[in-house]
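Right, one structure below, let's go through it.
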Amino acid sequence: MSPQEQQSILTIALLAGFADGHKDDTEREAIRRMAESLTREDVGVRLAGLYQDVLLKRVSLADAAASLQDAGQRQLAYEMAVCVCDADGRQSDAERAFLADLKTRLKLDPSQAAAFEREADALVDAAEQAAPVAVPAAAAAAVVSASVAPGVDLDKSILNYALINGALELLPQSWASMAIIPLQVKMVYAIGKAHGVELDQGHIREFIAAVGVGLTSQYLEQFGRKLLGGLLGKVAGRAIGGLGGAATGVAFSFATTYALGQVAKRYYAGGRVMSTALLQETFQSLLGPAKQMQAQYLPQIQQKAATLDAGQIMKLVKG
């Protein structure tokens, strides 16, 4: 895939990220940091510049879609856009209109587009319908024990969630990364419950945002790293990329999940008195060491990725 084709796909993903017009300053800042982070890497595409172009409306959906000639790349662009729109929950009317327009401009194969939409909708439904409870050990036994309850080692459980999310990011299927945020929600809920605090999904998502982990920006970074690192793509309906380049693709979700869990543990153990500024400062201080841990646990992450399938992923999200 050429840098121009990568740029077009990432432009579509960024346009999807702002399609609803309701991103608050925290989410916009998270997306900006994500763009700068990827731009600093030697990937041939300056994502920070694309971010500015999208905000200032210097690029159009029509031009980005028209520049993609390969059917597999057009399908990939649509899949990324759907996942970005689904990042913060059910699609808004504006997001649905954006995706309908995009699908028309990309001239997608109707059966392939519909198949992916069913997969994405199933994950969104599972995440919304499931009560925010700890993942039962029995349900996750085939993958990893990720349940949390009073008396259980929280550090071990947080690590397990990070390993699962790292493994999800290695899978070539676009929709697999959509399970990462629901599992982060379950992890935070379980940590709160271990400290005697019952939480709902709304509170948990607000907590994650307060820590500085943007929901939309997480998906954009996951897909951006996969795309720019050659880990994600489809050519003539065949998935390409794989576990060989895992060191690039896994860093963000593993480290973010681990650092988020450690912040949640401190927050709920301390009586929920940490300010937003302190939450963000603590998260950033934990993120660096968590990224270093990724190299240590990479073999385990790869092993989990090799055994995950759609049924196991759905079971984890549903709890």
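The values are calculated or read from the model by the stated rules, or taken from the named source; none is laboratory data. What you are looking at is a predicted structure, and each value in this text was computed from that prediction instead of being measured. No Cβ is skipped: glycine too gets one built from the backbone with ideal geometry, and neighbour counts run over all protein chains shown.
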Is at least one residue of segment 136-143 assigned by TED's automatic domain parsing to the domain that holds residue 264, within 23 Å of residue 298 (Cβ to Cβ) and modelled with pLDDT of 70 or more? no
Which one is surrounded by the fewest Cβ atoms within 10 Å (Cβ to Cβ) among residues in segment 259-310 that are within 27 Å of residue 193 (Cα to Cα) and β-branched (Val, Ile, Thr)? 273
Out of 56, 38, report the one residue that is modelled with pLDDT under 85 and surrounded by fewer than 18 Cβ atoms within 10 Å (Cβ to Cβ). 56
Look through 99, 108, 123 and report the one residue that is part of a helix (DSSP H, G or I), touching a helix residue (DSSP H, G or I) at 6+ places or on another chain (Cβ under 7 Å) and at pLDDT 85 or above. 99
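On the given criteria, is residue 209 surrounded by fewer than 24 Cβ atoms within 10 Å (Cβ to Cβ) and at pLDDT below 75? Give the derivation first.
Values: surrounded by fewer than 24 Cβ atoms within 10 Å (Cβ to Cβ): yes; at pLDDT below 75: no.
No.
What number of residues in segment 44-96 are part of a loop (DSSP other than H, G, I, E, B) and either hydrophobic (A, V, I, L, M, F, W, C) or over 29 Å from residue 118 (Cβ atoms) (or both)?
Initial filter on segment 44-96 (part of a loop (DSSP other than H, G, I, E, B)): 44-46, 56-60, 67-70, 87-92.
Applying the additional criterion that residues be either hydrophobic (A, V, I, L, M, F, W, C) or over 29 Å from residue 118 (Cβ atoms) (or both) yields 44-46, 56-60, 68, 87.
Result for segment 44-96: 10.
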Checked pairs for segment 194-213, first under 14 Å from residue 256 (Cβ atoms) and assigned by TED's automatic domain parsing to the domain that holds residue 183, second surrounded by fewer than 18 Cβ atoms within 10 Å (Cβ to Cβ) and not acidic (Asp, Glu), C-beta under 6 Å and 6 or more apart or across chains, list as 209/26; 212/280
Residue that is modelled with pLDDT under 85, surrounded by 22 or more Cβ atoms within 10 Å (Cβ to Cβ) and over 28 Å from residue 76 (Cβ atoms), where the choices are 319, 249: 319
